[in-house]
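The values are calculated or read from the model by the stated rules, or taken from the named source; none is laboratory data. The structure displayed is predicted, hence computed values, not measured ones. Cβ coordinates were reconstructed from backbone atoms using ideal geometry, including for glycine residues, and neighbour counts include every protein chain displayed.
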Amino acid sequence: MERLARLSARLEGDVERANAILKQAKEIVVLTGAGVSAESGIPTFRGSGGLWRTRRPEELATPEAFRETPDLVWEWYQWRRRLIAECSPNAGHQALARLALKRDGVTLITQNVDGLHNRAARTEARAMNIADPQAAFPLELHGAINRDRCSLCDRRTDGVSHHESGLPRCNDCGGPLRPDVVWFGETLDPVIIGAAQEVALSADVCLVAGTSALVHPAASLPSMTLRAGGVLIEVNLEDTTLTNHAEVSLKGRSASLLPRVITA
Ligand code: BV8
Ligand code: ZN
């Protein structure tokens with residue numbers, strides 16, 4: 001009992017320190033990963049329950065997989081789209097949306113493609129009587145699963161929820177449609193990653209939540225804030241390569257920790 005009390009007192013102290021750092025920060029950059037959507041019911045990539053069937057995402061989320069087995073890749077994305085459609089943003093998404101809506105100098109960046117930050121931005125803006133939710137829309141480094149993109153003419157459209165027969169084709173040029181996400185081995189949109197790196201370099205605080213910090217170049221953003229003299233606050237269930245560099249490292253679930261850390 002004694003040890004538990006000590007642990008929770010320490011966590012309480014860390015939450016207060018994180019809270020104080022955020023309160024006095026001028027520019028805050030937030031980087032989220034799959035862990036912030038875990039409590040909404042969306043499996044993470046590398047977590048225990050996360051992998052799809054026996055295949056690894058790194059094998060399916062690649063242009064090679066799409067070239068060789070487009071139907072299997074589409075089956076995986078349609079399965080994920082149906083799953084995400086049943087999920088809702090959690091208290092962690094909502095707290096981050098409120099932070100970005102309430103004060104200037106906050107930029108959300110996400111590796112996630114599930115669109116839950118955008119949905120939280122809309123509901124929190126409505127609840128706060130703010131007409132435009134844009135300030136809480138994240139930079140989506142890896143794209144958006146619910147959008148399709150034509151492999152030939154790059155036209156983007158709302159994702160097709162099901163395919164009549166065979167693989168979906170572009171209405172403009174007949175090219176094969178793909179989910180509008182960045183696959184392993186593909187470069188990120190230079191405008192988006194450029195904006196993210198600029199914000200990471202100018203932020204005095206980087207709040208990183210729910211990421212194993214393994215996927216680059218996203219994983220290098222927090223180190224850019226550190227190198228530029230900023231500090232790191234990490235929220236994760238486990239240690240990552242960032243943990244030793246964090247001013248405050250909060251171990252626990254993001255849906256319960258983020259609302260406590262962000263009381264701005
Ligand atoms: C590129 C879209 C140029 C698709 C995704 C430099 C060094 C090393 C490798 C590379 C490098 N540069 C390039 C690479 C190769 C590669 C890469 O990084 N590979 C990794 C695996 C080593 N990167 C690329 O290919 C990138 N392209 O750099 O282009 C280039 C090209 C070729 C060669 C060189 C350069 C493109 C990467 C984009 C891939 N697309 N998603 C789709 O989703 O279908 S990435 C995918 O992983 C998701 O977006 C996911 O968000 C992302 C990162 O994973 P995490 O979000 O961190 O999720 P994960 O499951 O790993 O961890 C969850 C964490 O949450 C855990 O720590 C867990 O403890 C925690 N957690 C769980 N529950 C909770 C929680 N925390 C709090 N509360 C909870 N409840
Ligand atoms: Zn097309």
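Residues of the stretch 12-34 that are part of a helix (DSSP H, G or I) and closer than 18 Å to R103 by Cβ: A18, N19, A20, I21, L22, K23, Q24. Residue-level check: of (1) within 12 Å of ligand 2 (Cβ to nearest atom); (2) at pLDDT 95 or above, N171 misses just (2). Picking from residues in the stretch 174-203 that are within 16 Å of ligand 2 (Cβ to nearest atom) and surrounded by 13 or more Cβ atoms within 10 Å (Cβ to Cβ), the one that is farthest from I109 (Cα to Cα) is G175.
Scan the stretch 133-144 and tell me whether some residue there is more than 16 Å from ligand 1 (Cβ to nearest atom), surrounded by fewer than 20 Cβ atoms within 10 Å (Cβ to Cβ), without any contact (Cβ under 8 Å) to a residue 40 or more places away in the chain and more than 19 Å from S40 (Cβ to Cβ). Yes, some residue in the stretch 133-144 is more than 16 Å from ligand 1 (Cβ to nearest atom), surrounded by fewer than 20 Cβ atoms within 10 Å (Cβ to Cβ), without any contact (Cβ under 8 Å) to a residue 40 or more places away in the chain and more than 19 Å from S40 (Cβ to Cβ).
Of the strands (runs of 3 or more DSSP E) lying entirely inside the stretch 137-220, those containing at least 3 residues that are farther than 30 Å from L99 by Cβ and either of a type in the set (G, A, S) or over 18 Å from the mean Cα position of the chain (by Cα) (or both) span 143-150. Which residues, taken from the stretch 94-108, are surrounded by 24 or more Cβ atoms within 10 Å (Cβ to Cβ) and among the β-branched types (V, I, T)? Selection gives V106 alone.
Scanning for something assigned to a loop (DSSP other than H, G, I, E, B), basic (K, R) and more than 20 Å from the chain's Cα centre (by Cα), does the stretch 118-134 turn up at least one residue? So far as the stretch 118-134 goes, no, none of its residues is assigned to a loop (DSSP other than H, G, I, E, B), basic (K, R) and more than 20 Å from the chain's Cα centre (by Cα).
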